[in-house]
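The values are calculated or read from the model by the stated rules, or taken from the named source; none is laboratory data. None of the values given here were measured: they were computed from a predicted structure. Backbone-built Cβ (ideal geometry, glycine too); neighbour counts: all protein chains shown.
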Amino acid sequence: MTIEDAAPKSKKSDPAIMIVALLVFGIVFGGLGLYRYNMGKKSISWPAAKGKITYSHAASRRVENSYEYHPSVKYTYSVDRRSYTGKRITASDVYQKTLSGAKDILKKYPVGGEVSVYYDPADPGTSLLETGMKKNVYVLLGGAALCFLFATATIVSELKKKKLVTG
């Protein structure tokens with residue numbers, strides 16, 4: 001009886017499922033992180049238009065046994081006599097652990113307040129209220145790298161196991 005025969009058949013697919021899940025998460029985190037990184041980096045050179053805040057609210061979402069708060073805004077602005085509506089504050093919006101943290105951010109964006117809206121000259125419908133990028137972009141990119149690293153380690157481990165069983 002070999003080691004392979006002793007292992008339950010259902011366990012054989014577990015590493016494959018884990019590898020696929022890690023790769024999918026790595027692609028999602030990496031794609032989102034790269035998108036936000038690129039937008040933040042490009043936004044530094046974007047032109048500005050005058051805008052007006054039309055909505056300002058701290059939206060909540062339940063995470064496990066607590067809540068996170070997202071400063072949510074909507075604003076209007078015009079570029080070349082065409083009106084646009086935006087809702088992004090930064091390239092990488094950050095959820096806050098407290099309602100007061102979200103409200104502190106929103107103090108800069110009261111309803112009716114005038115703001116500078118930075119827009120992508122190649123696509124004026126893409127806009128931000130604050131240029132540059134937040135540090136949480138690196139968390140997404142690091143998470144993607146860890147997913148790929150763990151997937152690779154699992155693949156190597158499985159290949160070594162196969163070599164031991166067949167060798």
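Scanning region 120-145 for residues that are hydroxyl-bearing (Ser, Thr, Tyr) and under 15 Å from the mean Cα position of the chain (by Cα) turns up just one, TYR138.
Yes/no matrix, rows are residues, columns are (1) at pLDDT 95 or above; (2) surrounded by fewer than 14 Cβ atoms within 10 Å (Cβ to Cβ); (3) touching a Cys at 6+ places or on another chain (Cβ under 8 Å):
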site	(1), (2), (3)
MET39	no, no, no
SER43	no, no, no
GLY51	yes, no, no
ALA59	no, yes, no
ARG62	no, yes, no
TYR75	yes, no, no
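Scanning region 88-99 for residues that are under 13 Å from HIS57 (Cβ atoms) and surrounded by fewer than 14 Cβ atoms within 10 Å (Cβ to Cβ) yields a single hit, LEU99.
Whether any residue in region 100-115 is surrounded by fewer than 13 Cβ atoms within 10 Å (Cβ to Cβ) and in contact (Cβ under 8 Å) with a residue 60 or more places away in the chain is what I want to check. Yes, region 100-115 has at least one match. Among the residues of region 124-165, count how many are outside the structural domain of VAL24 (by TED's automatic domain parsing) and more than 14 Å from ALA91 (Cβ to Cβ). Summing the residues that are outside the structural domain of VAL24 (by TED's automatic domain parsing) and more than 14 Å from ALA91 (Cβ to Cβ) in region 124-165 gives 2. Of the residues making up region 99-134, those that are within 27 Å of LEU34 (Cα to Cα) and of a type in the set (S, T, N, Q) are SER116, THR126, SER127, THR131.
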